[in-house]
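These notes concern the structure reproduced below.
The values are calculated or read from the model by the stated rules, or taken from the named source; none is laboratory data. Keep in mind the model is a prediction, meaning the values are calculated, not measured. Cβ sites come from the backbone with ideal geometry, for glycine too, and all protein chains shown count toward neighbours.
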Amino acid sequence: MHFILLLKRQWFENRKAWFIGMLAMTAVLTFLLLLTWHWRTSFNGDTTRGIFLILLFIGGGLYMNSILKELGNKQKGIWLLLLPAPVLSKVGVAIFYGIIVYLLVYLGLFYTVRELMVQVLGEEAANWSEFNLCKNNFYQFIFTFISFQSIILFGSVYFKRMHFLKTVLVIITGFFLVFNGNDYLLQLVTKERNIVSNMPFSGFIFSYNHENITVNTSSTVDTIVSIIIWMVVPITLWIATWCKIKETAL
């Protein structure tokens, strides 16, 4: 019951801001699609997917950050802390709106704008209609998005000021350390100094006698890594968010 009431409260208090955000997202999406269409001979690769992912993560991160950010400061978030509802319900509402609702609304907006652009621009934008979420396992972005939103959610209640900026900086720093640390770790374990490229928790490529040799991890390792990143990490962050809010309420 508390969860349903919080869902309704969140909707009625923020629906105007959300509609404005949807209009802004539509405008930005339209502008970027027009930009890539106008300079279509200068762009290589699937720019539609790039636009899709950039707006998904930036817009989603900003939205998730706004839901519970006042709880990062006890004085500003006192009204939310005093709401007669369990902390679990408050976290659940943030997850519901910040992940499920945002993703569904964004998908609807993206496909609607893309289809309208195809109809207006005609054959010159026909390749946009070939955008397929299931092609080459592209749908896996959903799991990465859930993990990303979970990090943003925790950062919004952990930091007292500039929540989104600090959280993004932590993510960037983490990626930098993991990628560079993985390179040194591979060199230490394999004794191979000619590593051309590598992906953390996955395979790597090294040069031998002027040839690139690829080393892939087993399917079992890939499955375990996927479970940790896509399931264990989000759940752990949700629990950490719950604990942080409980600590702030004390």
Inset, instruction - Report the residue count in the range 160-178 for those that are in contact (Cβ under 8 Å) with a residue 60 or more places away in the chain and under 20 Å from residue 59 (Cβ atoms). - result: 4
Legend entry - Unmet criterion (only one of (1) crowded, with 17+ Cβ neighbours inside 10 Å; (2) modelled with pLDDT under 85) for residue 61: (2)
Inset, instruction - Say whether the condition of being among the aliphatic types (A, V, I, L, M), more than 30 Å from residue 246 (Cα to Cα), at pLDDT 70 or above and not in a helix (DSSP H, G or I) is met by at least one residue in the range 77-88. - result: no
Inset, instruction - Could you check residue 108 against (1) buried (at least 18 other Cβ atoms within 10 Å of the Cβ); (2) modelled with pLDDT of 90 or more and say which number it fails? - result: (1)
Inset, instruction - Please work out which residue is nearest to residue 69 (Cα to Cα), limiting yourself to the range 106-122 and to residues that are in contact with a helix residue (DSSP H, G or I) (Cβ under 7 Å, 6 or more places away or on another chain) and among the aliphatic types (A, V, I, L, M). - result: 109
Legend entry - Within the range 131-157, considering residues that are among the aliphatic types (A, V, I, L, M) and closer than 11 Å to residue 65 by Cα, the one surrounded by the fewest Cβ atoms within 10 Å (Cβ to Cβ): 151
